[in-house]
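Notes follow the structure.
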Amino acid sequence: MKDERYRKLALSLPEAEEKSHFGKPDFRVRNKIFAGFTDKGRAYVKLTPEQQDMLISAEPKLVSPISGGWGKKGWTLVDHTKSDSALLRSALAMAYKNVAPKKLQGLV
């Protein structure tokens, strides 16, 4: 799946908007980052450590923690170029719900 498809899925979430973090595109809801692209063009999502473990167990070739302390906090890389839409929608929805206000969480 190409960058534009990932971008479209992220921006389809309620009140999601694209901004920039250290010069790289990210996706936010009410100014809280839930996903984006790394400097190497890989996609990431903000999960809980438990959500991260679940996705890695289900898709170990497509999902991995970001290296270092950020990965231990749940920040997760997703190979968006090889992942199907179902995996990306699920990962983005979890990440979105982790930062969105409660009234928006129910819309996803």
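A few remarks follow.
- Flag if residue 46 is under 22 Å from residue 103 (Cβ atoms) and in contact with a strand residue (DSSP E or B) (Cβ under 6 Å, 6 or more places away or on another chain): yes
- Residue-level check: of (1) in contact (Cβ under 8 Å) with a residue 12 or more places away in the chain; (2) under 15 Å from residue 7 (Cα atoms), residue 61 misses just (2).
- The stretch 74-100: number of residues that are exposed (fewer than 15 other Cβ atoms within 10 Å of the Cβ) and either in contact with a Ser or Thr (Cβ under 8 Å, 6 or more places away or on another chain) or of a type in the set (Lys, Arg) (or both): 1
- Check on residue 38, among the hydroxyl-bearing types (Ser, Thr, Tyr) and out of contact with any Lys or Arg (no Cβ under 7 Å at 6 or more places or on another chain): no
- The sole residue among 56, 66 that is in contact with a Pro (Cβ under 8 Å, 6 or more places away or on another chain), β-branched (Val, Ile, Thr) and without any contact (Cβ under 8 Å) to a residue 60 or more places away in the chain is 56.
- The conditions of being modelled with pLDDT under 95, of a type in the set (D, E, K, R), over 18 Å from residue 4 (Cα atoms) and loosely packed, with under 12 Cβ neighbours inside 10 Å are met by residue 103.
The values are calculated or read from the model by the stated rules, or taken from the named source; none is laboratory data. Worth saying up front: this structure is predicted, and the values here are computed from it rather than measured. Glycine also receives a Cβ, built like all others from the backbone with ideal geometry; neighbour counts cover every protein chain displayed.
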